[in-house]
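Peer 1: Once you've had a glance at the structure underneath, I'll fire off some questions.
Values quoted throughout were computed directly from the atomic coordinates according to the rules given, and no laboratory measurement underlies them. Bear in mind that the values here come from a model prediction, so they are computed numbers and not experimental data. With ideal geometry, Cβ positions are generated from the backbone for all residues, glycine too; neighbour counts draw on all protein chains shown.
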């Protein structure tokens, strides 16, 4: 009687193939996304390698589900990975004693925002804070935090290059 490959070995081979396909299809876009945060190509490439290297079969299954935006799921994984890069909300705050954080410097969209908008946008987008927890932390009403976030998205929306988006 011949020994058959265990299903985990076949699954592992499929996982590697799928991971390779995901990298080929989404790697460049994800690298651009990471580069906007870390501002160093070498560091961004290392994060990209780490993200794809750490993808487990269950992660790949969640990312490639039918009806799911694969790139958005990969961005979520990248955000979690980048959370170590942007440790706390103080990194995003503009302080008179120090320059802007590397997480938001030289970003054409955040440069358009007021310091409050930068702080709220960075805390919610990069650090994954909720509007409720940020409102408590900044001692502002939650509606004010939502309005500041809304204003920051309006600035991004009004200043993006729609000609290249819809090609």
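Peer 1: Once label points are set 7 Å from the Cα along Cα→Cβ at both residue 72 and residue 130, what is their separation, rounded to one decimal in nm?
Peer 2: 2.0
Peer 1: Can you put 117, 45, 61 in order of Cβ neighbours within 10 angstrom, beginning with the fewest?
Peer 2: Listed from fewest to most nearby Cβ atoms, that is 61, 45, 117.
Peer 1: At residue 61 and residue 40, where each label point lies 7 Å from the Cα along Cα→Cβ, what is the point-to-point distance in nanometres?
Peer 2: For residue 61 paired with residue 40, the spin-label model returns 3.7 nm.
Peer 1: Multiplying the sequence separation of residue 112 and residue 143 by 0.36 nm and subtracting their Cα-Cα distance, what value in nm do you get?
Peer 2: Full extension from residue 112 to residue 143 adds 9.0 nm.
Peer 1: On a C-alpha basis, how far is the centre of the range 23-88 from the centre of the range 106-141 in Å? Whole number, if you could?
Peer 2: 22
Peer 1: How do 80, 19, 39 line up, fewest other C-beta atoms within 10 Å first?
Peer 2: 80, 39, 19
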